[in-house]
Amino acid sequence: MSTGRKADRCVCHLPSDGCFLIASLFRQVFPLFHALGANGLLLEYEDMFPYDGHLRLLRAKHAYSPPEIKEILHLATLNELEVIPLVQTFGHMEFVLKHEALAHLREVALFPNTLNPHEAESLALVGAMISQVMELHPGARWLHVGCDEVYYLGEGEASRRWLQQEHNTKARLCLSHMKAVARHVLARHPTTTPLVWDDMLRAIPEDQLSASGVPQLVEPVLWDYGADLDIHGKGLLMEKYRKCGFLRLWAASAFKGATGASQALPPIEHHLRNNLQWLQVAASGPADMLQGIVLTGWQRYDHFSVLCELLPVGIPSLAVCLQSLLHGGFAEDVKARVENFLGISSLEITDFTSEAAGSFPGSDILVLVMHVALHLRSSVDALLERDRYVTGWFSPYHRGRKSIHPVMVQHIQPQALSLLARWSTLGQELEASLHRVFYPDAVEEWLEENVRPSLRRLQALVQDLREAAGPSLSPSPHSGQDS
């Protein structure tokens, strides 16, 4: 697979989403990012940033300290990774607007997604957030101010009244807030260029975009994570933005976090195709217009959703995408380079049949997560829903009445105890590995979502067996560890 063009600036997106890496881990992953071809980082701290003063309530329990932020930035510099901080200022404000003290600044009272652009206090709030972030990122050439997926915009009471006035539209309302935020940034940090996600701009007519003044203030980041994105359509969109006055654009692909809200393993082939198609988009447009590509790596779809692919699990996908962007395709020599970087003997991009450990940071987590994602639930389902002894002699009807033929205990109990022992041990190994990478609340959440429900089903079966058999139940000598 070859595209004929290579990416010059590759920026790895690291969102916190309440699940940032333990700060010390960046010492291990940044050298790998650099070796793979990345030369930038888009750091989306969200509630992991050490907001202070009246913004202190935004901090997560395990938020970084200012010295930790400085250490992360120092490590990035050592590895030639230019940092672009990201501060949400319009949509995806859940981590801010979920707090009761700030709920009055929601566009719609029921939903914490979107900031009310009519309130002067709203701009003051995002201005204070920007100031604190920029204080710890002096000299940043770019600041990403978000502005994507501004759901419910125009549906608040103030917006409804405003939209009743002649010539007022949702597009104008959106552009007005973007412009206010961008001007705020440039007034205080004139050498810093604001970036915005482009989805709220796509449908706005050229004349409105041109007249708004926004193209002179920001650089849009065109994002599309599909494996079959419309290459021609993206070229037309780039041309539209050029005509509106935007001098520079960015692209945004994905290496994980874009194919399912509860996805545990990233489909590498999907993300490879997505990134290669962005190379084709770049090749079809003006050579000097695209500044670079951001490889997004979402860990949640929004602040309230479950965790999707964890960073260690996504590193092979990131490696494949970065090397393909760097070399203009994914030929056999590029595949060999990726395998060498990761310490993997044979990399599979179409499925997850290979469970051999690599030597990259978090490779042990990938192997354990792969076991869980591919086999835990299916093995428990096989016993509880398809085993002929369980379905025929210890169904929910029998379990509810604690009734079982004594002979059937000897058919069911050994494999139930063996399965429980196997998965309990693996769960403990995974928990220990996760604690070396993530903070405790993220570890607890991932295990509670992906491991413990299946273990509880097994434990309940074993307990029901005990109660049904009564004193006559004696463990088989080959039954494995009891729970």
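Database remark: amide H of L195 closer than 5 angstrom to the amide H of L143, H144, V145, E219 (H placed geometrically; neighbours at sequence offset of 5 or more, or on other chains; Pro and chain starts carry no H).
Classify the range 117-159 as rounded, prolate or oblate, taking a ≥ b ≥ c as the square roots of the eigenvalues of its Cα gyration tensor: rounded when a/c is under 1.5, otherwise prolate if a/b is larger than b/c and oblate if not. Before the final figure, lay out each step's value.
Details: a/c = 4.62, a/b = 1.98, b/c = 2.34.
Oblate, because a/c is 1.5 or more while a/b does not exceed b/c.
Considering helices alone, the calculated mean residue ellipticity of the chain at 222 nm is -14000 deg cm²/dmol, with DSSP H runs of length four and up weighted by -39500 (n - 2.57) and normalised per residue. In the chain, the longest principal axis of the Cα atoms and the axis of helix 66-78 are about 80 degrees apart. Applying 1/(1 + (r/R0)^6) with r as the Cβ-Cβ distance of H104 and Q216 and R0 = 30 angstrom yields a FRET efficiency of 0.35. Less than 5 angstrom separates the built amide H of L41 from those of C12, E82, V83, I84, all sequence-distant by 5 or more or on a different chain. Just the number: Rg to Rh for the range 190-328, Cα atoms, Kirkwood Rh, two decimals. Rg/Rh: 1.00. Across all C-alpha atoms in the range 88-162, the radius of gyration and Dmax reach 12.9, 41 Å. Whole-Hz Karplus values for the range 29-37 come out as 7, 4, x, 5, 4, 5, 4, 6, x Hz, taken residue by residue from phi with 6.51 cos²θ - 1.76 cosθ + 1.60 and θ = phi - 60°; glycine and proline positions read x. If you fit an axis through the alpha-carbon atoms of helix 170-188 and take the longest principal axis of the Cα set of the chain, what angle between them do you get, 0 to 90°, nearest 10? On a 0 to 90 degree scale, this one is about 80.
Projected onto its three principal axes, the C-alpha set of the range 69-210 covers 53, 39, 23 Å, listed from the longest axis down. By the Cα gyration tensor, the chain has an equivalent ellipsoid whose semi-axes, rounded to whole angstrom, run 46, 27, 21 from largest to smallest.
Give the whole-number value, in cubic angstrom per residue, of the convex hull volume spanned by the C-alpha atoms of the range 1-130.
Expressed per residue, the convex hull around the Cα atoms of the range 1-130 is 147 Å³.
Around the amide H of L265, modelled in the peptide plane, lies no amide H under 5 Å away from a residue 5 or more places distant or on another chain. Computed from the C-beta positions of E80 and Q463 and an R0 of 60 Å, the FRET efficiency is 0.60 to the nearest 0.05. In sequence order, the range 319-332 has phi-based couplings of 4, 4, 5, 4, 5, 5, 5, 5, 9, x, x, 10, 7, 4 Hz under the Karplus curve 6.51 cos²θ - 1.76 cosθ + 1.60, θ = phi - 60°, and Gly or Pro positions carry x. Could you list the residues of the range 235-255 with an amide nitrogen less than 16 Å from a label point located 7 Å from the Cα of T169 in the Cα-to-C-beta direction? Under cut-off, by backbone N: 241, 244. Computed from label points 7 Å out along Cα-Cβ, the spacing between L426 and A124 is 5.5 nm. Relative to the longest principal axis of the Cα atoms of the chain, helix 268-284 runs at roughly 20 degrees. In percent, rounded to a whole number, the relative contact order of the chain is 15, using alpha-carbon pairs under 8 Å and six or more apart.
The peptide list 93-99, 115-121, put in order of mean Cβ contacts within 10 Å with the highest first, becomes 93-99, 115-121.
Our summary of shape: the Cα atoms of the range 366-469 have principal axis extents of 48, 21, 18 Å, ordered from largest down, in whole angstrom. When both bridge partners sit in the chain, DSSP labels roughly 10% of those beta bridges antiparallel. Note on the range 428-472: Cα-Cα pairs beyond 18 Å make up 45% of the total pair count.
For the range 94-104, backbone phi angles converted through the Karplus equation (6.51, -1.76, 1.60; θ = phi - 60°) give residue-by-residue couplings of 4, 5, 9, 7, 6, 6, 4, 5, 10, 5, 5 Hz, Gly and Pro being listed as x.
Every number in this text was worked out from the coordinates using simple rules, so none of it is lab data. From a predicted model like this one, the values you see are computed outputs, not experimental measurements. Glycine also receives a Cβ, built like all others from the backbone with ideal geometry; neighbour counts cover every protein chain displayed.
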